[in-house]
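Peer 1: My questions all concern the structure below.
FYI, it's all coordinate maths here, none of it is from the lab. This structure is a prediction, so every number in the text was calculated from the model and none was measured. As a convention, Cβ positions derive from the backbone with ideal geometry for all residues, glycine included, and neighbour counts pool all protein chains shown.
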Amino acid sequence: MSHGGQLAARGDPRSFCPGSPVPAAFVAVGYLGAPRHTDPMVDDVLPLVMDVMTREVFAVAPDTSLETAARLLTERRISAAPVIDAHHRVVGVVSLSDLADPDRVPSDEPGYPIYYRVTEGYTSALGGVEEAGPGRVADVMTAAVLSVPADATIAEAASRLLQLGVHRLLVVHGDRLSGVVSAVDLLRGFVRMHA
């Protein structure tokens, strides 16, 4: 049992908030009613993920062609893109590794040259609707979605990155894409606190 868990078991007011690495004694109320946590070492309010995340994200659909997905990732110089369904819910991620994996055999079904720009929670469809070559994102994508809520603190997001061994997380509000937060974004948030 963690130190925080031992304290909680004894009813100690220094116990940790459920799911939070921050002691309950340091919880404050932030804007929009979201809990804000303070860092007991510096007595500052920790920024939320929504304060530091990248708000413009390019995404693809499950029926986006593999060619379109590969072109989007290389032209935008990104290593992965969220996969969103017709209701703009996040259903997976497709990465350059997924596209190059010889064990992920694409189907013969044609994909479409469509992708999306998600900015501030609004989704704009880009590309065309004519059929492209064979193979769709759904054939090779990873269905697991590694995400963090927009109202999580940067400390909670950093902890999740470390636990999962990844460099970025999708930021969601409910099941809809709001942005992306990377280790660099979180580092900038910590630096701003101490500048």
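Peer 1: Would you please name the GluC sites (Glu not before Pro) within the stretch 97-195 that are DSSP coil residues with at most 14 other C-beta atoms within 10 Å of their C-beta? Could the numbers behind the result be given before it?
Peer 2: On the way: sites: E120, E130, E131, E156; in loops: E120, E130, E131.
Hits after loop and neighbour filter: E120, E130, E131.
Peer 1: Between L96 and R76, what is the label-to-label distance in nm when each label sits 7 Å out along the Cα-to-Cβ direction?
Peer 2: 1.5
Peer 1: Okay, next question. Near the amide H of A150, under 5 Å away, which other amide H atoms are found, from residues 5 or more places off or on another chain, if H is placed in the peptide plane?
Peer 2: Excluding prolines and chain starts, which carry no amide H, the hits are V172.
Peer 1: Taking H placed 1.01 Å from N in the peptide plane, check which residues at least 5 places from G92 or on another chain put their amide H under 5 Å from its amide H.
Peer 2: Excluding prolines and chain starts, which carry no amide H, the hits are V83.
Peer 1: Also: Take the Cβ-Cβ distance between V166 and T54 as r, set R0 to 25 Å, and report the resulting FRET efficiency rounded to the nearest 0.05.
Peer 2: With R0 = 25 Å, the Cβ-Cβ based efficiency is 0.95.
Peer 1: Right, next: Could you work out how much longer the chain between A195 and A183 gets when fully extended? Use 0.36 nm per residue separation minus the Cα distance between them, nm to one decimal. All intermediate terms of the calculation are to be shown ahead of the outcome.
Peer 2: Numbers: separation 12, 0.36 × 12 = 4.32 nm, distance 1.83 nm.
Extending this stretch completely gives an extra 2.5 nm.
Peer 1: Could you put S65, S107 in order, starting from the residue whose Cβ has the fewest other Cβ atoms within 10 Å? Present the calculation step by step, with values, prior to reporting the outcome.
Peer 2: On the way: S65 26, S107 13.
Fewest to most other Cβ atoms nearby, the residues stand as S107, S65.
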